Amino acid sequence: MANNNPANTTTSIGSTVSTSIVTPQPRVGGRPLVANRYVDAPVREQAQQLILRSIQLLVQASGDIQGTVNLIRLLSVAVGYDEVKIFSMEHMESWLSNPSLTRNAKELLLKLAEVINSTS
């Protein structure tokens, strides 16, 4: 069977591999169809404040294990913020020593290490 598509290449074992380049995002008037919502500094600041307020509310309400698990999950998503890094490091030992929180705390610790490693 001949391979007539110039964007595909047949390997030595007979499988076809695409060598075409991925097309860029569709644009309208020079602007991408999907705009980055967090490109402006005020919007980024508002998003950060919203996340930090949510974390404060979860800290105040985290009296049970599920509340603490939800807090750790939110911290894992927002680990790029300095306040989140500091808060996470302050509480990491107690979370790791709690068997109900260990898995989520390890995930947070891994993400924290990745962020710190990538910025240094």
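Bear in mind that the values in this text are calculations on the coordinates, not laboratory data. Here the structure is a predicted model, which is why all the values come from computation and not from measurement.
Apply the a/c threshold of 1.5 to the C-alpha gyration tensor of segment 50-120 and tell me whether it is rounded, prolate or oblate.
Taking the square roots of the gyration eigenvalues as a ≥ b ≥ c, segment 50-120 is oblate.
HN-Hα J couplings of segment 81-88 from phi, Karplus 6.51/-1.76/1.60, θ = phi - 60°, integer Hz, Gly and Pro as x?
These are the phi-based 3J(HN,Hα) values: 7, 4, 4, 5, 4, 5, 4, 5 Hz.
Along segment 101-111, what does the Karplus equation 6.51 cos²θ - 1.76 cosθ + 1.60 (θ = phi - 60°) give for ³J(HN,Hα), rounded to whole Hz, x for Gly and Pro?
Result, rounded to whole Hz: 10, 4, 4, 5, 5, 5, 4, 5, 4, 5, 5.
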